[in-house]
Amino acid sequence: MPSSDSSPALDPALVAPLEPGENALASLDVDLDSADRFAAGRLVLTDRRLLARAPGAAAWQAWPLAGALNLQHTDHGGIGQLSLHDERARLAVWRYTLGADPAALKLLGLFERQRQRLIHGITEADEPAEAEETDFAAESPTPPSTWVLLRLSRFARPYRWQLLLGFALMLISTAASLVPPYLTIPLMDEVLIPYQNGKQIDTGLVWMLLAGLFGAALVAWALGWWRTWLLALVSERIGADLRTATFDHLLQLSLDYFGSKRTGDLMSRIGSESDRICVFLSLHALDFATDVLMIGMTAVILFNINPSLALVTLLPLPFIAWMIHLVRDRLRTGFEKIDRVWGEVTSVLADTIPGIRVVKAFAQEKREAERFRRANRHNLEVNDRLNKTWSLFSPTVSLLTEIGLLVVWAFGIWLVSRNSITVGVLTAFIAYIGRFYGRLDSMSRIVSVTQKAAAGAKRIFDILDHVSNVPEPAQPVPISRLEGSLALQGVGFRYGSRAVIRGLDLDIRPGEMIGLVGHSGSGKSTLVNLICRFYDVTDGAIKVDGVDLRRLGVADYRRHIGLVLQEPFLFFGTVAENIAYGKPGATREEIVAAARAAHAHEFILRLPHGYDSMVGERGQGLSGGERQRLSIARALLIDPRILILDEATSSIDTETEKEIQKALDNLVQGRTTIAIAHRLSTLRRADRLVVMDRGRVVEVGTHDELLARQGAYWRLYEAQARQVDEEDAAPAATLPAAVAREEALR
């Protein structure tokens, strides 16, 4: 088989050493090393082995395609990753830019197919043709396995005693429900048939048998109710724990994860997927276990009554098992695709409803309605495709069970005619077979629900398995008191393969106010994100009070940071709750003091209920300036040692900006402050201005020093001065040019 590599000119060092008779199936150029630096490496899949030459390495490694190997694919932040595992550990990792992702997915699919061939001894000629809906596998290279449901056991462990009790109740109630058919044998053979032949009815025997029937039904009902109630309580708690654990883990992930996911999809996973798993655990898993017990116990009873008739009863089983195996793969990949498509529908809602003001402002209602219709139509098409498979499967199972029942009737009548069994035995057999085939049909229907739950569990565990790119240190350095000194040493950062910060060095003294200026895209906000440790540097280090930022506990460090974002975000709740978000236990006096410092107290008092007034979702009931002042008050309340102002005054009018600037002059004393602003006038009081361009620091100095140099800052200043409105510049026209610019920018 020829190699899939079509590179016209390949480095001889990257040509895989193949054994005699070994054929290459696919290859992947790995262009990133372990530190995400560009370097040439290669991954080659053959019909026998997986070969790899890591970037920067000289030797080739090889792993035979044994059954224990597992190749996993992930991508985030513009970087793709393939990792090789066995049952004990991770063996190797290869990283590459996402331009090579199609080749990686192709290699991944061929790897799994070839591994299955070798395990099961399948030749290429024996392999069945591709299924009609191959797009399922194309979109999900690792389809959900039913075994993923076993991973829920860690959430069930705290309730193991309740589950054991539920299982015992299930066992007893199932046994009780199997008593009535057995009692029909003496009712038929010792009461009804003798009566037809002229024998007097034994009233005592009849009452005893009827009492046994009633007692068995009563016991089955009582234990069944207790079992269902108990296991429903446990499953609800497992579902709640699963939602809580998923949301807790989601909050610990770094910002790049959220940048690659849609809000609606994440909401769908935590909400509907966990609900689906909860329903499966509370209802269908219980039904499945009951069905298995019922089938097992019924089979034992049937063989005990008449082995030959029992064998006839089991005839449909191999055909039903074969059909379940045939349809299971189609269902599990199909249900995962349905989940993803439903995530598209909820994402449209999550985009449109919060942005309804923009939609209406640009008269795009029809466009958004059409976008929802397309997503909804796609969801309908995927469901129709899967329903076509399921609609054929379920009636076929029912048909097989009906045929099995007819065969038992025919064989049973023949046995009665030969006096091999009595009519009572046949009647009991038919009663048991009704339960047997009914449970068998129920089990086949549970296949659909199980695959839905497996698809949902996989999507939830995709979140739980994701490792944050901003990990907690194994032994965090405790923070007794943060002084606020920052040292950036050779800092570099990349979004995927795009370098945003390069070789940046900067020392910030405790209590110093630093102004970050530069064109849009120069790396100012990224630098602030690195200082807040929303991302980790890819090169160099950031030290706080001489300690590497990565050695500090994330939450412990961020408690000392006050952040005011360019776009203020408020939560649904009262004004006081929003101000006290970073310090929930704050007193009303502290909240009011923070609001006064942010010059928000006056407008808060004008609200209908003052500090107890409800703020609409995302602060829709307030103006942009009011939302920003509440955001500033929220940051000031926690009295941070490091204050980050990311365009903090961009949404505030000139008069309000002057008031806030006066408050900030007092508040920055003794606090390390890093401020980003496009309006240079807001940074004049900074101790130093840091001018950035293309991810590098190009100038550092005070406002006057940088103007005197006539460098990058002077050019920014001049460009901003030329943009001042004529109306503002007119009163200053009689002043000298430099003074005019100063006055205009004030």
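The values are calculated or read from the model by the stated rules, or taken from the named source; none is laboratory data. Predicted, not measured: the structure shown is a model, and the values here were computed from it. Methodologically, a virtual Cβ is constructed for each residue, glycine included, from the backbone with ideal geometry; neighbour enumeration extends over all protein chains shown. Heavy atoms of the whole protein, side chains included, go into the accessibility calculation; ligands, DNA and RNA do not. Shrake-Rupley method; radii C 1.70, N 1.55, O 1.52, S 1.80 Å.
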Rg to Rh for the stretch 532-654: what is it, with Cα atoms only and Rh by Kirkwood?
1.03
Is the shape of the stretch 366-485 best called rounded, prolate or oblate, per the rule: a/c under 1.5 gives rounded, else a/b larger than b/c gives prolate, else oblate, with a ≥ b ≥ c the square roots of the Cα gyration tensor eigenvalues?
oblate
How do Arg113, Arg418, Arg160 rank by accessible surface area computed with a 1.4 Å probe, from largest to smallest?
Arg418, Arg160, Arg113
So, with points 7 Å from each Cα along the Cβ direction, the Gln720-Leu150 label distance in nm works out to 6.3 nm
List the residues, sorted by chain then number, that are 5 or more residues from Ala675 or on another chain and whose placed amide H is less than 5 Å from its amide H.
Ile514, Gly515, Leu516, Leu645
Kindly state, to the nearest 0.05, the FRET efficiency for Tyr495 paired with Arg113, given R0 = 25 Å and r defined as their beta-carbon distance.
0.15
In sequence order, calculated HN-Hα J values of the stretch 164-170 (Karplus, 6.51, -1.76, 1.60; Hz; x Gly/Pro):
5, 5, x, 5, 5, 4, 4
Cα gyration tensor shape of the stretch 181-237, rounded if a/c is under 1.5, else prolate or oblate by comparing a/b with b/c:
prolate
FRET efficiency, Arg684 to Ser391 (Cβ-Cβ, R0 51 Å, nearest 0.05)
0.10
Backbone HN-Hα couplings from phi across the stretch 584-589 [Karplus 6.51/-1.76/1.60, Hz, Gly and Pro as x]
x, x, 5, 7, 4, 5
Quick calc: nm separation of the 7 Å Cα→Cβ label points for His519 and Trp161 -> 6.9 nm
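Under the classification rounded if a/c is under 1.5, otherwise prolate if a/b is larger than b/c and oblate if not, where does the stretch 473-519 fall, given a ≥ b ≥ c as square roots of the Cα gyration tensor eigenvalues?
Since a/c reaches 1.5 but b/c is at least a/b, the shape of the stretch 473-519 is classed as oblate.
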Residues whose built amide H sits under 5 Å from the amide H of Asp693, excluding neighbours closer than 5 in sequence, are Val698
Would you mind checking Lys261/Lys524; Lys261/Lys458; Lys261/Lys543; Lys360/Lys524 for any pair whose Cα atoms are more than 27 angstrom apart?
Lys261/Lys543; Lys360/Lys524
Report, in whole Å, the centroid distance computed from the Cα atoms of the stretch 593-608 and the stretch 175-234.
76 Å
In debye, nearest 20: dipole of the stretch 544-653 around its Cα centre with unit charges on the Cβ of K, R (+) and D, E (-)?
200 debye
Could you order Ser525, Ser27 by accessible surface area, starting with the largest, using a probe radius of 1.4 Å?
Ser525, Ser27
Taking amide hydrogens as modeled 1.01 Å from N in the peptide plane, which residues meet the under 5 Å criterion relative to Ala26, leaving out close sequence neighbours?
Ser4, Leu45
How much of His519 can a 1.4 Å solvent probe reach, expressed as accessible area in Å² and rounded to 10?
120 Å²
Enter the Cα centre distance for the pair the stretch 491-511 and the stretch 679-705, rounded to the nearest angstrom.
16 Å
Expressed in nm to one decimal, what extension gain is obtained for the pair Ile193 and Trp226 from 0.36 nm per residue of sequence separation less their Cα-Cα distance?
8.0 nm
Could you put Thr97, Thr673 in order of accessible surface area, largest first, with the 1.4 Å probe and the full protein assembly present?
Thr97, Thr673
Would you kindly find the accessible area of Leu482, with a 1.4 Å probe and non-protein molecules such as ligands, DNA and RNA excluded, rounding to the nearest 10 Å²?
10 Å²
